[in-house]
Structures are given as C-alpha cells and as structure tokens.
C-alpha cells in the first residue's frame, strides 16, 4: 500500500490510555485488589564480594507476622537465571538467592514473606548472615589484569567468552593496520560512560496469586515482556509453563529497567509455598541500587583519515562493565558490534566488544542498549577528527555518511538509508550554511553533490 | 500500644479508623480506602506521585502521618474528578499528549490543580516551579507545561494554543 | 561571572528490532457479532502508545473506523506470543503481525459481504466508515456490523485472522561479525546549543534543533512525544545522571530522587524538530522504530557543544559541573 | 512498629522526650523525619498539633515558631534571603509541609534555611521538663546539634547589614544543595563593621565561618578582601562528598559563591 493512501495510520489520533491516566483510573499491576495478600522483602548482601559462612534465619522466622522465609536451600529446579536461554546465549551464572558467595552489594540472599510490608521489612533486617569479606574489583581494566579478584568462577578471566572461545564479539572487515599506514592522519581517543538508572516512575514489582485447584499461579507483573518472564520463571522454578499465567501490559514506564526478571521467580515461589497471594515491589532505593543499571562503557577509537575527509579505517575496542553477572550484557555487546562504526561507510573496520565482570550491581538493558554509548563515542570522535584535519564537522559527516547499497562492516548492504537527508534537514533547521555540492547530496547516490 | 480513632473527610466522605502505630496517609488512602490514584513512586517524598490536597494545601501523602490530619479534609484525584474545575485540565492533557505511561499523571493533576487554585494565571516559570516536586520520566515535561498553559489561556478567554 | 556559549551536533542511526532477529510477535484479530474487531496480543504498553498504534494499524488494514477496534493485550492465557517491548521492536514486529492478522480477517469479512451482496470479493471495498460496498457503486453496500451479524447468525462463519512477524535469526560469524542484525535503520541529527558558566561548571542547554528520519509515522503525535521525552532524557544522561557518581567506585550510590539528579521541568529547553519519512522496506506501512534513538543524538550533541564553548575535549559522560571545571583547570595548566 | 504519640501541650511533649529519650523521634512536617528517624524509632511524637506555627514580628526582629513551614516563610516573611532559602527546599508540596525546626535538624546538605538563620545570628529555644532554655544557633551547631528538649522557637534580630543568600544546586528548582552561602555584612564608613558568614554543605552542619568574617572586618569590601574571605572560607571549611557533589567541588563552590555574595553586597 502506498503511503499516500493511508487514512488512519499517519494521523495523530488520541493516546488510548489517556482518558484514564488523567482521572487516575488506569489499572497498573499493584492497583488490583487481592484479599489475604502477603508481602515479600529481601535481605541483601552488605558486601560487594564475600564468602557466605552461615545464614541464620531463626530470629526472622519468629518475627511478628512472618509466614515464610526462603533461602537458596528452598529453591526448587535449577535455581539459576538464564534469561537469554531462548536465543541460546550464556550459561547460568546467577542464582535467584545467593549461596556460597555474594558478588555485589545488594545481592538477594534471603526472602522474607510476612502479613504486612513493615513486618516483612523488620524480619528481613533480623536475618543474620556471617560473611568472610573477599577482595573486590570495580575497575574494568583492573579486572582484566592477571591476579585480579575473580568475580565468578564462570568467567575465570573476568570477561565473557563469546562463541569459538573469543574474548570479544568482533568485526573484521578489510585491513585496518594497512589502512592506518596509508592514512594522512591517525585520530585516537578513549570515551567513557557511567552506569545510569532507568528510573521508571513505577518500580519493578509483581503480585503472584495462587488460583487454587489445579495449582496454577497468576502473576500480575509490570515486566516489559510477559511470555518472556513466564518462560524464565517456569524454567527457574522447574514448573510446567502451563501452570503459570502472566497478566500485565499496562506499565508505569520501562526504559529497559523491567526486563530483569528479578521479582517474578521468587514471588511466584513464595506464592506456591504459602498458598497465598504474595506481592514483591522494589522500593525506590532498591530500584536505584539493586535493579540493573545501564552499564558503563569504555570505548577506544582509532581512526585513519585522509586529508579529504574520508575515514579509511576505524578500530574500536569496547569494554562493557557488566557488573557481577551476565544478564543480557553479551547481547548488548553484540548489538554494539552490529552498530559500530555508526552511520558511516568505512572500508576497513576492526571491532572488539568485550564484556567485563566487576563486583558491581549487574547492568542490563536501557533505552539504546549497546548503541547509546557507541553513538556518544563516535560522534564526539567525529568532532575530533574534523578538528584534527581542519574540516567542517558537517561536511566530514556528510562525506562519510552511508549511502543506499553501501557495504557495512558486518557485510550487510545499507537499506532504507536516510542519514544524509537527516543531516541536511538538521543543518537547515539550525541555519548552518553548507556549500552547494553538500546540499545536493543524497542517500541514494554517492556521486550526487 | 495506645490507639485512637482518626476521622477524615476524604473526597467528601466521612471516614474513621482506629490507628495505633505510625501510619502514613498514603497507606490509608491506597490500601484501606482503595483510592488507587494515589500512586507510590518512591515513598520518600521525591516523586510527587502521591500528592493530595489536605485542607486546601498540596501535600505528600507518603510523608504525612495519618494521625496528624485527624479532622482534616483530604482530596485525591478521585475527589477532583467529581469537580468541574479539573475537566478542562484533563482535556488539555489529552489534547497535548501530556502523559505517556501515566504513572505520574494523578500526582501531576493534583499539583497543577493546587497551583491553579493559588494562582489562576501562572507564568511559565511559575508553572515549572509548581511542577518542581513532580517527576515525569516519559514526556520531557514540555507537553505538560503546554497543557497547563492551555488551561490558563482558556480560563483567561484566549485560544488554547 | 563568565558564561560561554557553544553549539554542537551529532548524527546517529538506530537499528529496529532485536539484534540478530529471532524475536517473534503474534496477533489474533476477530470480529464481534456487532462488527467490532478485537486485536488480541500479549504485547506490553510502557506508555509509548502501543495500544493506540496497533489499533490504528488494524483499522487501516481492515478498513474500519478506529473506534470499532478494541486492543486486548497483556494476558498470556489469551494473547499469543510477543517477545517484549524493547529494542525499538514493537511497532515493527507487532505492527506487522497485526497487518497480517487484520488482512486475513478483512478477507473473511469481504467474503461474507460478497455472499450477502451476491458479488465477488474482488469487486468490494471498504469506506473506512463502517461500510462495505461495490467499487464505484456506493449504494450497493452492506455495513460491517450487518456483515458480522450475518457471519455469526446466518452463515456460521468466523471473521478472524492470525498474524505473526519473525525476522529469522541471523547468527553472527564469530570471526568476521558477518550478520544481518537489523530490520531497518532510523536516523537522527540533533543540534544543541549550550551556555557554560566557567566559574561553576554548570551547563545550561538553551535549545535543541533536530531532524529525525523514522520511516512512515504511524502516529506523529506519539513520535513527537518520544522525541521530546528522549531529548530530556538525553540531556539528563549528558549532564547529570549516574548511579555511580565516582565510577568506578561504588560509593555514594544514589537511593532517591534527590540524590539521583535529573533535569526538572524548568531546565527543559525548546525542542524544534523536523520529521522525515523514508519508508522502510519491511516495516508496517514503512514504519521504523523510534523510541530509543531519540535519547542518543542529544548526548554527543551536548558534549560537542560544551567542547565547542570551552575549547576543551571532554570525552566522558555525565559532564557534571565538576567535570567541566577539571577540564578547564587542565586547559589552563596546559596553557602555561 | 513505632507507637504514635500526640502530646496536647508543650509540657506533655517535654515529658515524653524526657521519658523516652533517644527511642523517640519527633515529626513536625514529616519531610525528613518520616524518611529517616521515625521508621526506625520505637516512639514517634507528632508535634503539629502544638500550634508552634506562629510568626511574630518585634522591633525589626522575628520570633518564628519551630513549626513554621517553608511556604509560610515564602509568603509572610519580609526577609528576601529567608524567602529564597525556603523557596529552594523541595517542591510546592514539600514547602507546605517542611518546617523551620525540621530544617535546623536536617542532615546536610539539607538545611538551607538554617544557613540564613545562622547568618542572622539566630537563637533557638527549647522546652524541657525543667523549663525553657535558649542558646545561639551557632553554639547549638558547634556543640553537635544535640536537641535538649523540644525546639519551640527561633528568634533573630533584623539583619545587621546587607544580607545575601546564594545556593549552588544541580537544577533550577527543587535541587539538592551542593553548597549554600549566607552573608550578612554591615558597612561602617566604607569599611566592614560587622560580618556574619554562614555556610551550608561545608561540614556536618551549617557553620559560621569565623576566618572569612575576620578577613572582612575592618577592610573595605573590595576585590582584595573578598578574595581573602573566599580563600579563608575554602580553606577553613570541611565539606563532605556525596552523590550530588565531591568535597573538591564543594570547596571550590564555597569560594565562588561567597565571592558572588560579597560582590553583590559590595555592588549594593
């Protein structure tokens, strides 16, 4: 169907939930009313790296209102997360409740379920865990050095192992070293981002409700992926997927912060054990310190550039700070590889995208996963290239911007190109005067302009 | 533990509870009275999603001990929904796409109503200062500001845009 | 007090869909007895407006009024599979699934109407107002409601359709990285103007001027919503936001909205934008994903503007006032 | 689970404080206590009903009940510096709740209003089972900000000179405080006769900066004396590091903002 024939698509029709948003009648997961609901609070690790010597829950168990206390010993099935099982990524390096060791400050150790949130919180504070503190590592470059504290035995060198035993997700296209030798200029720099919180206004949470009879559990969740959360929860708890039903779909913001699958498995288990509805909602403090952040990235870029502005080689080494566990960092690392070297056609590209483990809160997806830090690094680098060779930064980008049919470094032809037009439109909006030949440039024709 | 009876008029309705321990007004409104427009974004006083009007004044229900508002009139968005004054603001929010996920919206509506009650003709600075206690992670605030400006323009007889 | 102004810009592209594919979404569409259509999904609306644009896509494909389309999503017992709302994928994946399901339902609807009107399906068209008529002969018509009623109560036929979209998985070659990772690419170019207080290091963003190329917009108002919200979030990322203020140290991690600093309503500058539409080959009606890209271009644009204002090269975010002052100190030290 | 106590009189409140000691948390506006002290306490005493929200004016000076809110300060006090400080505390809802008494006890970097009160050389009055006692706010902070009884009122004279308050934040409204500066300077024949410099975010509590004051008194308020005062303040302060700013940045901002405040006074 041609775009000009559209009647409803393309129209600024009203946002469907707005009528109830403005009256406060939109129903989010925690607005459902369930009788006899219990509340779960987590006892968390106070050290970034420590051996667990003993867990004593006796005082918590006898605390007022407590119905159930869960440790790693109570976990059925495999105990471990494998969020990317569906796409065949990653071994299971993270337990739902820690045992043997804690590897980041805030890691879940003991779940306490009580009649009221306050009772659960008070009892969780009474759990006693004896630790032997271990040396921790927070700096990605330190973590990769010989002799650095090992975060988890799954990754003896503190980095993820990609297929074929590779240290990095990688791109090898052309010959960067040869091109560097031919380049008029070499432009290098290192770019760094820090962990960032998704901060949806509604924190992560769920309510698991036993439906009686056949043992089904309905989980009201604010996950960003309902079946995804159902499958992972069933996998972890070793229950048939037919026993679970997930309800959600109307969520108070996500931004990548609700793909952790942290609340659902333990809450579902608590509901199975107690036979009663259980709610687990992250406090704002947990949302900020415990839920996955956007990871920190270190991006090293080396460009070989000609006097006429053509970038003929780009070598990128990226380190992604995954924190203590993998979660989806390998996916983000690969996506980073697929994104670099940005919207530019460069004939020689070399990329290593490395996932590093540290004793930090595990990181995960956020709006622009794997791409945001790359775009930041590339575009600040492009200004440095322009400055180095004495060229207008707009012209530099337009010269190098990919055109339809160009070959990308991951060996896929460019489709639906629009970078040139977008740059020209922004330049016009900002009043930037470009020479006529640049104004005539087009994504459809490299020779135009 | 000593307990006492607390009486409130919530959205025009007389309510009585027996409370002993420290209890926030938020817990009473959400969990006891089922006024679910009172959102729980942080319970720290930092997001504004639990804003209510107490005796004509904008306050945060999460940081208000219910014992301290004995005898007060409390209005949540459910209460404002019954008034005509909120309708224009609600229509402006719809027209300007001033909500996305909607989780901050009830608190925003209450805070804006309190602002307009105090100052029916706020400047842009007064609007943004009036919104300073309410966090929105989705919209970038501009549509919300436009919605408030739209209401102000309507009330002063000018066009909405 | 010394304030310096600078301008910077950045050009970015952004992939649509989960990296390397393999992320299906399904949709079921059926007519009710009175001619409404229910689109059943298990996709999640995070506030970006998924329910709205799926209704638009369904109505467009079916050729029926928007308000007769009901989107029922969010229950795994009833809604078929959706991988989830992330990776700028739902408009593309769910949108395509809805087109497929709605097209099948439309065909079933036209078959019933053809039987009732005693014409062939090929001769029929919808008017988008709730009627089906013979092409060029508007009087020879039957309403969608009547058609649905007849299907249920006279003919015993269903008016329904099934849809799925899957970009088949494309594994990445471990050596070369060769792969087909994305469905399409959207584009953005943002120009930011800043003012920097060289005594305090404080950066004020004075304005954004941006162009976005997003394929066919399904709902321009919602695209604009993403653009403005994304610009605000990008500004926060560029200047303030982090859970590790002293990275790589883990100390002083914020635990509330006072210590996790984000820009307020008063800090948000104007956002001027132009939206270009270069249709994608495989998106629903040519749409591309837009929700994530909008955060990305403002960040380097702001950093480039700061560097432009100060004549320094800051290469990290967030560019807090302290980062600015330390860069200025270093510049002064190098100058002597 | 904290027991909630509501005394009917100042005497009753003083008695509750005496009998419960450190197991008691006091809630006035709630904005600070409901987050930090009350949830952990065995007993919580609400003092909103005690009517300590009166503002009295006398011969240029002020007597403020400890329950006076930020909004009351913004709306009804004639001292712009105090209004500005109150305006910087939270958003509108917080300003309707937060009290001046709470501000005095707030953990740094909160407590902006107290910085202005310190520059006004205010006194604080406590009610105890043994009667009332009053001390200078400066001495209260110098001795570790320990409450002795119930803080009932804050008194201050009219500013003894030009009073300027400046806050360094991270966003325009409702910003966490990096540092705050209040300077009250009286000029006498072109020279500084009296100077009261108070800093927020410069230590554990709001602090008077005697070193900066000394650098000004007797000097013309000009480039040299302002620089000397700023250097003294930056050297004498002991700011902390938190999520909002580092010790390094705070120290630098103390010099920058004190310079700006004093320049503003010098410019008249």
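Values quoted throughout were computed directly from the atomic coordinates according to the rules given, and no laboratory measurement underlies them. Fair warning: this is a prediction, and the values are worked out from it, not measured in the lab. Every residue, glycine among them, receives a Cβ derived from its backbone with ideal geometry; neighbour counts consider all protein chains shown.
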Describe numerically, in nm with one decimal, the distance between label points set 7 Å from Cα along Cα→Cβ at residue A:166 and at residue D:158.
7.8 nm
Give the average, rounded to an integer, of partner chain Cβ atoms located within 10 angstrom of each Cβ in C:188-194.
5
Average partner coverage of C:271-278, which counts Cβ from other chains inside 10 Å
4
At q = 0.09, 0.13 Å⁻¹, the log10 of I(q)/I(0) for chain A from a Debye sum over equal Cα scatterers comes to -0.70, -1.15
Kirkwood Rh over Cα pairs of the protein assembly as shown into Stokes-Einstein at 37 °C, 0.692 mPa s: D in µm²/s?
103 µm²/s
What is the angle, in °, between the Cα long axis of helix B:85-95 and the longest principal axis of the Cα atoms in chain B? Nearest 10 is fine, range 0 to 90.
50 degrees
With just the Cα atoms defining each centre, how far is segment D:188-228 from segment A:309-381? Give it in Å.
51 Å
When A:276, D:153, B:124 are ordered from fewest to most other Cβ atoms inside 10 Å of their Cβ, what list results?
B:124, A:276, D:153
Other chains' Cβ within 10 Å of A:25-36 residues: what's the mean?
3
Quickly work out the residue D:247-to-residue D:58 label distance, labels modelled 7 Å from Cα along the C-beta direction, and quote it in nm with one decimal.
4.3 nm
Quote the FRET efficiency, to the nearest 0.05, computed for residue D:264 versus residue D:228 with a Förster distance R0 of 22 Å and r equal to the Cβ-Cβ distance.
0.80
If we sort C:222-230, C:240-248, C:44-52, D:260-268 on the protection proxy, mean other Cβ atoms within 10 Å, highest first, what's the order?
C:44-52, C:222-230, C:240-248, D:260-268
Using a Gaussian network model on chain D with a 10 Å cutoff between Cα atoms, which of D:116, D:47, D:223 fluctuates the most?
D:223
By average C-beta atoms within 10 angstrom, highest first, the peptides A:432-438, D:237-243
D:237-243, A:432-438
Between the Cα axis of helix A:372-389 and the main Cα principal axis of chain A, the angle (0 to 90°, nearest 10) is 20 degrees
Packing-wise, with mean Cβ within 10 Å as the measure, how do D:69-78, A:237-246 rank, highest first?
D:69-78, A:237-246
Return one number: the angle in degrees, 0 to 90 and rounded to the nearest 10, between the long axis of the Cα atoms of helix C:90-117 and the longest principal axis of the Cα atoms of chain C.
20 degrees
The rounded separation in angstrom of the Cα centers of segment A:183-233 and segment D:64-140 is 43 Å
Counting alpha carbon pairs within less than 8 Å and at least 6 residues apart, what relative contact order, in whole percent, applies to segment D:129-186?
27 percent
If each residue's Cβ is checked for other Cβ atoms within 10 Å, how do A:357, A:180 rank with the fewest at the top?
A:180, A:357
Quote the FRET efficiency, to the nearest 0.05, computed for residue D:238 versus residue C:330 with a Förster distance R0 of 22 Å and r equal to the Cβ-Cβ distance.
0.30
For chain D, modelled as a Gaussian network with Cα springs under 10 Å, which listed residue fluctuates most, D:138, D:11, D:84?
D:11
Below 8 Å between Cα atoms, with a sequence gap of 6+, how large is the relative contact order for chain C in percent?
26 percent
Classify segment D:162-266: rounded, prolate or oblate, from the alpha-carbon gyration tensor (a ≥ b ≥ c, eigenvalue square roots; a/c under 1.5 rounded; otherwise prolate if a/b is larger than b/c)?
prolate
Inter-site label distance for residue C:137 and residue A:31 at 7 Å from Cα along Cβ, in nm
5.0 nm
Just want to confirm a number: the relative contact order over chain A, from Cα pairs under 8 angstrom separated by 6+ residues, in percent.
18 percent
Between B:49, B:85, B:61, which gets the highest mean-square fluctuation from a Gaussian network model of chain B, Cα cutoff 10 Å?
B:85
Based only on other Cβ atoms within 10 Å, what is the fewest-to-most ordering of B:72, A:375, C:43?
B:72, A:375, C:43
